[in-house]
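Worksheet for the structure shown next.
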Amino acid sequence: MNKNVPFLTKEYIERDAATLLFEYEQARGVVIAPPVPIEDIVEKHQKISIEFDDTHRLFDVPRSGAKPDILGAIFLNEPRIVIDESLDPEEYPAKEGQYRFTLGHEGGHWRLHRHLVDKNQGPSALFQREALPSFNFASSKTKTRMEWQADFYSSCLLMPPDLVLAAWNRKFPDGRPRFINPSLSARRSFVKVPLEILCDDYGPIWSETVDEALDRIARPFAEAFLVSTTAMRIRLEDLGLLLRKVP
């Protein structure tokens with residue numbers, strides 16, 4: 001099915017995610033604040049059931065290592081989302097961010113890709129012919145166009161630009177983007193964040209990397225939005241708030 005997946009711009013996906021959030025607010029009579037209620041959106045608004053299972057056993061796909069390769073899958077004709085049991089936030093609270101992102105990812109498939117599935121096929125045909133392309137694989141090396149679109153949709157849904165920007169301005173009242181490149185000097189519209197260095201009596205013994213510094217800034221936002229630090233760092237970079245270098 002991936003060869004039939006149309007190209008979608010980031011702007012299109014961003015708008016559709018914003019539309020879904022607006023529809024949910026109107027239907028429930030609420031104003032969304034972080035963290036975005038992704039379970040409620042998927043189950044009560046999109047009307048998609050959520051369950052946990054051993055995805056590799058369910059789909060008879062061997063694991064490549066100790067951790068699951070298949071984080072989730074959606075049966076578009078039922079509709080039903082299956083999340084790997086290793087992401088159950090009640091059993092593994094540290095996985096909540098990854099669980100929420102996977103839910104947003106599968107909800108993105110529902111919004112963006114369900115029209116690509118033949119409605120005359122039953123659930124078994126969906127698994128045989130269509131479930132594999134809609135697997136949410138853990139490895140970025142296996143990302144297809146469809147999976148990238150669902151990933152970006154989840155990012156837009158869980159970290160809406162207006163809410164992220166509001167949180168950024170509360171944290172940094174000047175509202176300016178931060179950049180972390182020790183070799184560059186900052187222009188007025190940017191604020192340079194120095195790398196942290198740990199020293200002893202003889203000099204530096206540790207210095208954080210650029211990625212570690214980016215994660216340090218992203219972490220409090222990730223905690224507020226209940227997403228992983230990596231997901232928030234990528235989102236902040238995508239929104240132009242957190243930069244590796246001055247453009």
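What follows is calculated from the coordinates using simple rules that are stated; it is not laboratory data. Since this is a predicted model, take the numbers as computed values, not measurements. Using ideal geometry, Cβ is built from the backbone for each residue, glycine included, and neighbour counts are taken over all protein chains shown.
Rank these for me by crowding, Phe7, Phe172, Phe101, going from fewest to most other beta carbons within 10 Å. Don't jump to the answer; show the numbers that get you there.
Values: Phe7 7, Phe172 14, Phe101 26.
Taking fewest neighbouring Cβ atoms as first place, the list is Phe7, Phe172, Phe101.
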Distance from the Cα centre of the range 1-56 to that of the range 57-74, in angstrom?
23
Arrange the following residues from fewest to most other Cβ atoms within 10 Å of their Cβ: Ser49, Ser155.
Ser49, Ser155
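Could you list Tyr24, Tyr153 so that the one with the fewest beta carbons within 10 Å of its beta carbon is first and the one with the most is last? Mind dumping the intermediate values first?
Values: Tyr24 19, Tyr153 26.
Fewest to most other Cβ atoms nearby, the residues stand as Tyr24, Tyr153.
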Around Ala167, with a cut-off of 13 angstrom between Cβ atoms, what is the net charge of the other residues, counting Lys and Arg +1 and Asp and Glu -1?
+2
